[in-house]
Amino acid sequence: MLNNSHRIVEYSLNHLTLVLTVTGIALALWIPTGLLISRYERFSGLTMALGNLLFCIPSLSLFGIFMTVPHLGLGRRSAVLALVLYAMMPLVRNVYRGIKSVDRHVVEAGRGMGMSNLEILWQIQLPLAWPIIFAGIRVTVVLVTGIATIATYIGERNLGRLIQHGITRSNAEMIIAGAILVSILALLLDYLLGRVERRLISPGTTQVGVRKGQEESF
Amino acid sequence: MIKLERLSKIFPEAERPAVEELSLEVDQGDICVFVGPSGCGKTTVLKMINRLIEPTAGNIFIEEENIAGTDPVLLRRKIGYVIQQIGLFPHRTVFENIALVPRLLHWSHQAIEERVQVLLNLIGLDPQEVYYKYPGQLSGGEMQRIGVARALAADPPIMLMDEPFGAVDPIIRHHLQEEFLRIQQEMKKTIIFVTHDINEAVKMGDRIAIMNQGRLVQYGEPADILARPGSRFVAEILGDDRTMKLLELVRVETLMTPLDKCSEKQSGGFQDAELQAGRESVQNGYSWLETQKPLKAALEIMMRNNLDQVAVCREDNVVGILGWKDITSYISNLERGGRL
Amino acid sequence: MSLERLLEALLVRSGPHALEHLRLVSLALGCALAIAFPLGVLFTRERFRSLGLKAMALLNTGQAIPPLAVIAIFLPFWGLGFRPAVTALVLYSLLPIARNTMAGLGGVPSEVKEAARGMGLNGWDVFWQVELPLSVPVIMSGVKTSAVLTVGTATLAALVGGGGMGRVIFAGIDMFWPEFIIAGTMVIGVIAIVFDRLLSLLEIFLVPSHLR
Ligand SMILES: Nc1ncnc2c1ncn2[C@@H]1O[C@H](COP(=O)(O)OP(=O)(O)OP(=O)(O)O)[C@@H](O)[C@H]1O
Ligand SMILES: [Mg+2]
């Protein structure tokens, strides 16, 4: 194992950069999509159905299909594309649900006081939907980190490779090492997102927060 | 001035119109109270005025301007809105909730601070205590009061208030009503006020609009409506004791016979000397009350002391006399007016 | 892309592997249900509630373990074959079922249970006549989620000698033949739909119509 340590570092970094790239693109793509379908309701059914469909395709198939497409080929591009598509369902769904979960009377109060649609979105709906949206982001990141391992079969050199080699050599140590490293990465990212979340979310929106705010105000 | 002209709203897939051919005018500086059973369309009327709902037919004019042609966002910033479900922003503190519209209007920070302080005092909440609280930490009644403060924040000339005091207890409700009427004397806002409580309507309204199933069934001054309900439905809404409510509305000074016009007979129960004397003597020998009290109070005193007249005082001096007969003839007069 | 190869993949290669896939998934789901449902019930009983919360936290953390690793984990001990593949899939499909069982049973309003007890039902009756009927929709949706996930993940069983449609897809990846991958995916899609339909039928059978 020890002489493999430089390789493990390489795999981990590759894994991390893949996950971060995918997360970045997925957020940039799917959060606006979720916001749009919560506004233009008639597209929501179709969009969610698409997300569900993509989510149900085995990730191995997605990787494999993109791999055979010219200009995508073996490696990063195919992996990123497949994972971004995979992330569509949990992200779009949670953004949509989050926005829809905002008490409509609160939105109406804002509109009645003369807030524009953009002000309502930015100052009311998004802040109140944050807990649900963030839950979606965290689930997505954990999912993507795990599924990224499968991209090793289309040439990604990430932590999945440890498991792949473990399988071909029937080596329990390598499989477990791979599993643990991927899990740690996923939990670490989840933890960091949890920290960000706590800074972003108003204490008024959660029960715990309400109690916390109470202590502060006395 | 607000003018509604044959206003109708039919929601898609609704069996009957939520509001039907409703016309009325509210004068500048008046409080118009909408009363009616649940689902009769009160909230719908309110929301059409700030264009949260677009009417199916009819027009609304504010200051002679048809609001259909205005920018809804700008329109709403001139109209304070107290929503029935309160609708405070749970992620904002009390301060931030109240400061919302002033901030949208780019007031200076200091002006906003001062304004919030004033409003909190006005609605009877201690700024020290609630300033940094979140709505989830307040009681229902406190939230409702913050909702009123929030609507008043930018001092809009028009207010739409949908059951603004529905969730507060009777004592605070009474206090808020008094306070609101007091500041209204200075503010002179044009207010449309919705309530389920006929007593509140009688107390707050310069005019009362009674609605049933989307239609305006009677519109007029409280005393007129109390004296001459136009239908059995209105009479039912007003309750069995509508005459008593009427007596609550009218002040004794409007019915009393001023002292200098009192004939010897009228003042027979009072000795001249006593009439001219100060409050003490009246208090000892006879019953009296102040000019600003409602007729109901006069009636109460007469019944309790088995009298048929009382003295009316202003600042320790007797200024007039009010008799049982004055009251009954006033009422029958009013009612006869209705029959004509 | 050649139609010929697509047809070959669909008609010649897929048949036996599709059957293997079905067998893998039904066995795994059956076992998972047999384990997760009683556990879910146990962990929502008053006495074990705190244990249930811990179990849930553990299961949630378990979500961070990549599916590839779960599939591979028994290989070194049992060698290639059907058994390690199924066992791994069982582990994989436990979470959604257990979670939804707990959520469903835990979501039954306590006043409803209290009312039932007040009418003289004993604990057993309350469970069978009140709690379970009210939570079947949630539990079934967990089983469905689990089925869809397991049908997909079972493709990886091919790596540990478990067979299934993964054989066709991996063949496509090795040979760079998109036809094989697409054919394999289509068959998997059909299998997923079959499971979904079957479970929906079961749900119609189990859930009183007014609760659906
Ligand atoms: N957005 C809507 N879509 C369809 N129907 C509506 C909508 N809003 C209100 N209605 C219907 O219109 C009618 C009038 O509703 P409105 O809210 O104006 O009643 P209200 O007089 O304010 O009642 P309450 O005293 O209970 O608040 C009701 O029958 C209601 O069901
Ligand atoms: Mg209403």
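Read-outs: derived from the displayed coordinates by stated rules, not from any lab. Remember, it's a predicted structure, so these values are computed and weren't measured experimentally. Note that each Cβ is placed from the backbone with ideal geometry, even for glycine, and that neighbours are counted across all protein chains shown.
Before moving on, here are some points about what is shown:
- In chain B, the alpha-carbon atoms span a convex hull of 177 Å³ per residue.
- Shielding by partners - mean other protein chain Cβ count within 10 Å, residues of B:47-53: 2
- Of C:147, C:36, C:57, the one that fluctuates the most in a GNM where chain C has Cα springs shorter than 10 Å: C:57
- In a fully extended conformation the segment linking residue A:139 and residue A:187 would gain 16.2 nm over its present Cα-Cα distance, using 0.36 nm per residue.
- Label-to-label distance, nm, for residues given as residue B:292 and residue C:80 (7 Å Cα→Cβ offset): 10.0
- Virtual spin-label span in nm between residue B:14 and residue A:77, 7 Å along Cα→Cβ: 5.7
- In the protein assembly as shown, the alpha-carbon atoms span a convex hull of 245 Å³ per residue.
- Largest GNM mean-square fluctuation among B:155, B:206, B:241, using chain B with Cα springs under 10 Å: B:241.
- At R0 = 51 Å, FRET efficiency that the Cβ-Cβ distance of residue B:74 and residue B:182 yields, to 0.05: 0.95
- Kirkwood's formula applied to the C-alpha pairs of the range C:1-151 gives a hydrodynamic radius of 17.6 angstrom.
- Distance from the range A:1-72 to the range B:289-322 (C-alpha centre basis), Å: 84
- Sequence ranges C:87-93, B:48-54, B:73-79, ranked by mean other-Cβ count within 10 angstrom, highest first: C:87-93, B:48-54, B:73-79
- Order of B:304, C:167 under a 10 Å beta carbon neighbour criterion, fewest first: B:304, C:167
- In chain C, helical runs assigned H by DSSP with n ≥ 4 each contribute -39500 (n - 2.57); averaged across all residues and rounded to the nearest 500, the mean residue ellipticity at 222 nm is -24000 deg cm²/dmol.
- Summed residue charge, Cβ within 14 Å of residue B:5's Cβ, Lys/Arg positive, Asp/Glu negative: -2
- When peptides A:73-81, A:154-162 are sorted by average Cβ neighbour count within 10 Å, with the highest value leading, the order is A:154-162, A:73-81.
- Exercise: per-residue mean of other protein chain Cβ atoms within 10 Å, A:176-186: 4
- Counting Cβ atoms of other protein chains within 10 Å of each residue's Cβ and taking the mean over peptide A:51-60 gives 6.
- Entry note: the range A:5-212 has Rg to Rh equal to 1.05, where both radii use alpha-carbon atoms and Rh is the Kirkwood radius.
- Listed residue (A:145, A:65, B:258) projecting farthest to the positive dipole end of the protein assembly as shown, Cβ model: A:65
- Inter-part distance where the range C:65-84 and the range C:106-184 are each reduced to a Cα centre, Å: 20
- Neighbour cut-off at most 13 other Cβ (10 Å), DSSP loop, GluC sites (Glu not before Pro), the range B:29-131: B:63, B:64
- When peptides A:55-62, A:23-30 are ranked by their average number of other Cβ atoms within 10 Å per residue, the highest-first order is A:55-62, A:23-30.
- Among the helices of chain C, those built from whole DSSP H runs whose Cα atoms reach 18 Å or more along their own axis and whose mean Kyte-Doolittle hydropathy is at least 1.0 are C:14-43, C:132-153, C:178-206.
- Taking Cα centre as origin and charging only the Cβ of basic (Lys, Arg, +1) and acidic (Asp, Glu, -1) residues, the dipole magnitude of the range C:18-164 rounds to 200 debye.
- Too-long pairs where the Cα-Cα distance tops 29 Å, listed order kept, from A:100/B:203; B:3/B:325; C:54/C:144: A:100/B:203; B:3/B:325
- Label-to-label distance, nm, for residues given as residue A:20 and residue C:47 (7 Å Cα→Cβ offset): 5.2
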